[in-house]
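**Q** First, the structure itself, so that you have it in front of you.
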Amino acid sequence: MAPYQPSRSWLAILVTCSVLWCGGCSDFANVTGKVTLDGAPLPNALVTFTPAEGRASTGQTDQDGKYELSYTFDRLGAEVGSHTVRITSAASAESEAAPVETLPARYNADTELKAELKSGLNEVNFDLKSGGPVAPRTPPKANPTQGSSA
């Protein structure tokens, strides 16, 4: 009787599971960090990492200013490489009116923030300082389905 040899289908399943488990680890970075404003945690801020080419990743800070980036709704992290970073406080407004930005434009509309991400775990913290011009408020877009009452 010949010794047991695993079938090729089991080998294919093992390779597929390894790739799915890692999720393309060599091209991806897990990113966490903390955002502070004048030394205090900045809650409910939207943090966006945008690579030169590819899809942006976002995260929202919690009450302690901590965030974790998501690439898609079911995948955490960001692409490896250089990123432009934007942090905005306007993401947390819950009213129907356009949110008002409170952070200086140098952190969002005219960002000076950059990050270099490597494969694996990355902790990227931002210590923001208040003061300086704030990006102008963008008026809400008109709803084309609403008629005028004139």
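**Q** I want to confirm something. Restricting to the range 52-66 and keeping residues that are within 15 Å of ASN108 (Cα to Cα) and not hydroxyl-bearing (Ser, Thr, Tyr), which single residue is surrounded by the most Cβ atoms within 10 Å (Cβ to Cβ)?
**A** Out of the qualifying residues, it is GLY59.
**Q** Can we say LEU113 is loosely packed, with under 15 Cβ neighbours inside 10 Å and at pLDDT 95 or above?
**A** no
**Q** Now for a different question. Among the strands (runs of 3 or more DSSP E) contained in the range 48-91, which hold 3 or more residues that are among the acidic types (Asp, Glu) and out of contact with any helix residue (DSSP H, G or I) (no Cβ under 9 Å at 6 or more places or on another chain)?
**A** Passing ranges: none, list empty.
**Q** While we're on this one: Kindly indicate whether GLU101 is modelled with pLDDT under 95 and touching a helix residue (DSSP H, G or I) at 6+ places or on another chain (Cβ under 6 Å).
**A** Taking the combined requirement at face value, the residue satisfies it.
**Q** In this structure, is PHE49 at pLDDT below 95 and under 14 Å from the mean Cα position of the chain (by Cα)?
**A** Taking the combined requirement at face value, the residue does not satisfy it.
**Q** Also, I was wondering about something else. Return the residues of the range 122-150 that are among the β-branched types (Val, Ile, Thr), within 30 Å of ASP62 (Cα to Cα) and at pLDDT below 60; say none if nothing qualifies.
**A** THR138, the sole residue that qualifies.
The values are calculated or read from the model by the stated rules, or taken from the named source; none is laboratory data. Computed from a predicted model, the values in this text were never measured in an experiment. Cβ sites come from the backbone with ideal geometry, for glycine too, and all protein chains shown count toward neighbours.
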